[in-house]
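Structure below; questions to follow.
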Amino acid sequence: MPCLETTTQRIIAADGAIRLQARARLEQLSMPHWALGRIMDLAEELAAMTGSLHPPVARKTVVTMAGDHGVTAQGVSKYPQAVTVQMVHNFVQGGAGINALARLAGARVVVVDMGVAGDLSDLAAAGNIVSRRIGPGTKDMATGPAMSREEAVCCVEAGIEVALSLADETDVFATGDMGIGNTTPSSAIVSVFSGVAGAEVSGRGTGIDEEQFQHKIRIIEQALRINRPDPADALDVLAKVGGFEIGGIAGLILGASSLRKPVLIDGFISTAGALIAAHLSPTARDYMIASHRSMEQGHRIALSHLGKKPLLDLDLRLGEGTGAALAMNLVEAAVRILTEVATFEEAAVSKASS
């Protein structure tokens, strides 16, 4: 198992010199200055991340981390916990939202069992999923810590291992999640790091009604009050109010960052994982691309805390990696602009007058 500390030590800042070279080329392209706006911003960022004026982005992998949550016993979700197992089977059969959008983007989907409360050994044995199980779901964070600190370290290191194992076949990673009830721990994580009250970072998840929503807020506030997670200690936050798949997402981001590979961050749950990763290694933010802003009200707060502006805003609230898959074409577009559009000089086109 890769070491968390060793991995974070290997994460270096994005290449400032290459960033300047990319900017210089982009400023000379045969179009009005910065005419493609944030696509050009993204091109510059990709060059800096990869250390190349020809950033490799062709091989794309969505890693969908799955895990269950003891807090579902508190009635915070509209769906039963059994749906997590059922959806993992749906992913394997290619029938989920992420499968359709990944096919469109030319990306593969890798499903990782981080701790589903059900037997997936048949899928793991057949090589249809990756098993990095920490346990059969977390404990109920409303009554005590979701996991031990040792388990928190294990799930982050498992995510790192997944990133390293896929790195030889992946240029761009995307994060995804599956776990009934996981907007509840994600809300708690965002509340801890942002200092914003639970009521302001909580959303309706799978579509709960007003009564269930108020109950969910009370459960989040109860979990924070009982566990008192330390915002200065990311592993403590993960252990107290996190989830195995959230820790796995954090590890995936850290592993990819240590290899200078861009990571498209999906929605609310993935961004909670990104917050964990960013507090374990602030430099890892250099390799994160916020794919979209979801319907969850806490997602806007989480992205602001990360200092990230999302590429898309489409009222998504599915997870799985769907928003990240949709943003993959923008990543490819950014690289095409950087590498295929001629400069004024190359195209023999007259520049605008000063």
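Select, from A272, A334, A324, A277, the only residue that is small (G, A, S), buried (at least 24 other Cβ atoms within 10 Å of the Cβ) and out of contact with any helix residue (DSSP H, G or I) (no Cβ under 6 Å at 6 or more places or on another chain). Steps first, please.
Working: A272 fails: out of contact with any helix residue (DSSP H, G or I) (no Cβ under 6 Å at 6 or more places or on another chain); A334 fails: out of contact with any helix residue (DSSP H, G or I) (no Cβ under 6 Å at 6 or more places or on another chain); A277 fails: out of contact with any helix residue (DSSP H, G or I) (no Cβ under 6 Å at 6 or more places or on another chain).
Just a single option satisfies the conditions, and that option is A324.
Check S257, S304 and return the single one that is hydroxyl-bearing (S, T, Y), surrounded by fewer than 24 Cβ atoms within 10 Å (Cβ to Cβ) and over 10 Å from the mean Cα position of the chain (by Cα). Write out each step before concluding.
Working: S257 fails: surrounded by fewer than 24 Cβ atoms within 10 Å (Cβ to Cβ).
Exactly one residue qualifies, and that residue is S304.
Give just the number: which of (1) in a helix (DSSP H, G or I); (2) buried (at least 23 other Cβ atoms within 10 Å of the Cβ) does L264 not satisfy?
(1)
Mind listing whichever residues of the range 111-123 are within 23 Å of the chain's Cα centre (by Cα) and either among the small types (G, A, S) or over 15 Å from H89 (Cβ atoms) (or both)?
Hits for the range 111-123 are M114, G115, A117.
Continuing with the same structure: Mind listing just one residue for me: the one in the range 12-42 that is hydrophobic (A, V, I, L, M, F, W, C) and in contact with a Lys or Arg (Cβ under 9 Å, 6 or more places away or on another chain) and, of those, least open to solvent (accessible area, probe 1.4 Å)? Break it down stepwise before answering.
To start, the set of residues in the range 12-42 that are hydrophobic (A, V, I, L, M, F, W, C) comprises 12-14, 17-18, 20, 22, 24, 26, 29, 31, 34-36, 39-40, 42.
Those still in the list that are in contact with a Lys or Arg (Cβ under 9 Å, 6 or more places away or on another chain) too: 12, 14, 40.
Values: I12: 86, A14: 20, M40: 0 Å².
Going through the qualifying residues, I end up with M40.
Please go through the range 224-261 and give me each residue that is farther than 28 Å from M328 by Cα, touching a Lys or Arg at 6+ places or on another chain (Cβ under 8 Å) and part of a helix (DSSP H, G or I), ordered by number.
If the condition is that a residue be farther than 28 Å from M328 by Cα, touching a Lys or Arg at 6+ places or on another chain (Cβ under 8 Å) and part of a helix (DSSP H, G or I), then N227, L235, D236, A239, K240 are the ones that fit.
Keeping to the range 4-29, report how many residues are touching a residue at least 24 places away in the same chain (Cβ under 8 Å), hydrophobic (A, V, I, L, M, F, W, C) and within 19 Å of M49 (Cβ to Cβ). Reasoning before the result, please.
Looking only at the range 4-29, we keep the residues that are touching a residue at least 24 places away in the same chain (Cβ under 8 Å), and these are 4, 7-8, 10-16, 18-19, 21-22, 25-26, 28-29.
So of that shortlist, the ones also hydrophobic (A, V, I, L, M, F, W, C) come out as 4, 11-14, 18, 22, 26, 29.
Then keep just the ones that are within 19 Å of M49 (Cβ to Cβ); that gives 11-14, 18, 22, 26.
Matching residues across the range 4-29 total 7.
Within the range 1-44, which residues are assigned to a helix (DSSP H, G or I) and in contact with a Phe, Trp or Tyr (Cβ under 9 Å, 6 or more places away or on another chain)?
Going through the range 1-44, the residues assigned to a helix (DSSP H, G or I) turn out to be 4-9, 16-27, 37-44.
Passing the criteria: L26, E27, M40, D41.
Another one. Filter the range 134-158 down to the residues that are of a type outside the set (V, I, T) and in contact with a Phe, Trp or Tyr (Cβ under 8 Å, 6 or more places away or on another chain) and list them by number. Explain how you work it out, then say what you get.
Going residue by residue through the range 134-158, those that are of a type outside the set (V, I, T) are 135-137, 139-142, 144-152, 154-155, 157-158.
Within the range 134-158, G135, G137, M147, E151, C155 qualify.
Another one. Looking only at residues in the range 164-190 that are touching a Pro at 6+ places or on another chain (Cβ under 9 Å) and farther than 19 Å from P136 by Cβ, which one is most open to solvent (accessible area, probe 1.4 Å)?
Looking at the filtered set, the residue picked out is L164.
Any residue at all in the range 210-231 that's under 18 Å from the mean Cα position of the chain (by Cα), under 24 Å from L316 (Cβ atoms) and of a type in the set (A, V, I, L, M)? Even if it seems obvious, please write down each step before you answer.
As a first pass, look at the range 210-231 and keep what is under 18 Å from the mean Cα position of the chain (by Cα): none.
Looking through the range 210-231, none of the residues is under 18 Å from the mean Cα position of the chain (by Cα), under 24 Å from L316 (Cβ atoms) and of a type in the set (A, V, I, L, M).
Across the range 206-221, what is the total count of residues that are touching a residue at least 12 places away in the same chain (Cβ under 8 Å), open to solvent by 10 Å² or more (accessible area, probe 1.4 Å) and assigned to a loop (DSSP other than H, G, I, E, B)?
Qualifying residue count for the region: 2.
Pick from the range 280-293 the residues that are assigned to a loop (DSSP other than H, G, I, E, B) and in contact (Cβ under 8 Å) with a residue 40 or more places away in the chain: which of them is surrounded by the most Cβ atoms within 10 Å (Cβ to Cβ)?
Out of the qualifying residues, it is S291.
Could you run through the range 77-126 and say how many residues are within 30 Å of D140 (Cα to Cα), of a type in the set (S, T, N, Q) and without any contact (Cβ under 8 Å) to a residue 60 or more places away in the chain?
Summing the residues that are within 30 Å of D140 (Cα to Cα), of a type in the set (S, T, N, Q) and without any contact (Cβ under 8 Å) to a residue 60 or more places away in the chain in the range 77-126 gives 3.
Please determine, by comparing only the residues of the range 191-235 that are farther than 14 Å from P145 by Cα and charged (D, E, K, R), which one is modelled with the lowest pLDDT.
Here the residue is R204.
Given (1) in contact with a Leu (Cβ under 8 Å, 6 or more places away or on another chain); (2) open to solvent by 90 Å² or more (accessible area, probe 1.4 Å), identify the lone condition not met by S353.
Here S353 clears every test but (1).
Show the residue pairs meeting these rules: Cβ distance below 6 Å; 6+ apart or different chains; first residue within the range 30-59 and closer than 16 Å to L311 by Cβ and modelled with pLDDT of 95 or more; second residue assigned to a helix (DSSP H, G or I) and not aliphatic (A, V, I, L, M).
If the second residue must be assigned to a helix (DSSP H, G or I) and not aliphatic (A, V, I, L, M), the pairs left are E44/R19; E44/R23; M49/Y287; V57/E332.
The values are calculated or read from the model by the stated rules, or taken from the named source; none is laboratory data. Bear in mind that the values here come from a model prediction, so they are computed numbers and not experimental data. Glycine also receives a Cβ, built like all others from the backbone with ideal geometry; neighbour counts cover every protein chain displayed. Calculation scope for accessible area: heavy atoms of the full protein, side chains included, ligands and nucleic acids excluded. Shrake-Rupley method; radii C 1.70, N 1.55, O 1.52, S 1.80 Å.
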